[in-house]
Amino acid sequence: QVQLVESGGGLVQPGGSLRLSCAASGIIFSMYVMGWYRQAPGKQRELVARIFNSGWTNYADSVKGRFTISRDNAKNTVYLQMNSLVAEDTAVYYCNARSEALWGRSDGSWGQGTQVTVSS
């Protein structure tokens, strides 16, 4: 059973920072592309950032320069450091694990989601 356990969400003021964590089990972590997605009220789920085992990353244009994704293979954990948060970042954030071997044929596994609220 694949399990993705997220932590670090919460309420933060505009301009503040949060660090999300996602601990994975049930997979060979190094074989998976890890990603963060988010879904705001009334909006479709969108890719925020993803990272390959090589360290290659990509980001949504809306978060470039503010968010940083990283992974620690020894801990089977992926992180999302979020700085300079704005109200538009308010959403449920989901962790995703996608097998490199099945890239293009599977959407992978998902965490339960963690709420991030940016408000004064």
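Provide the FRET efficiency to the nearest 0.05 for the Thr117-Ser25 pair, computing r from the beta carbons and using R0 = 22 Å.
0.20
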(request) With no solvent and one equal point scatterer placed on each C-alpha of segment 1-53, evaluate the Debye formula and give log10 I(q)/I(0) for q = 0.24, 0.29, 0.31 Å⁻¹, two decimals. (result) -1.14, -1.25, -1.26
(request) Could you give log10 I(q)/I(0) at q = 0.09, 0.10, 0.21 Å⁻¹ for the chain, computed by the Debye formula over C-alpha point scatterers of equal weight, without solvent? (result) -0.22, -0.27, -1.18
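Hand me the trypsin sites (Lys or Arg not before Pro) from segment 12-107 located in a DSSP loop with no more than 12 other Cβ atoms within 10 Å, in residue order please.
Working: sites: Arg19, Arg38, Lys43, Arg45, Arg50, Lys64, Arg66, Arg71, Lys75, Arg98, Arg105; in loops: Lys43, Arg45, Lys64, Arg66, Lys75, Arg105.
Filter output for segment 12-107: Lys43, Lys64, Lys75, Arg105.
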(message) As an exercise, identify the chymotrypsin sites (Phe, Trp or Tyr not before Pro) in segment 12-120 lying in DSSP coil whose Cβ has no more than 13 other Cβ atoms within 10 Å.
(response) Trp56, Trp103
(message) For Asp72, Asp107, Asp61, give me the order by solvent-accessible area with a 1.4 Å probe, most accessible first, ignoring ligands, DNA and RNA.
(response) Asp61, Asp107, Asp72
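Per 0.36 nm of contour for each residue apart, how much would the distance between Trp56 and Asn73 grow if the chain were fully extended, relative to their Cα-Cα spacing?
On the way: separation 17, 0.36 × 17 = 6.12 nm, distance 1.42 nm.
Extra length from Trp56 to Asn73 when fully extended: 4.7 nm.
The values are calculated or read from the model by the stated rules, or taken from the named source; none is laboratory data. If you're wondering where the values come from, they're calculated on a predicted model, not measured in any experiment. Here the Cβ is made from the backbone with ideal geometry for all residues, glycine too, and neighbour counts use every protein chain on show. Only protein heavy atoms, including side chains, enter the accessible area calculation; ligands, DNA and RNA are left aside. Shrake-Rupley method; radii C 1.70, N 1.55, O 1.52, S 1.80 Å.
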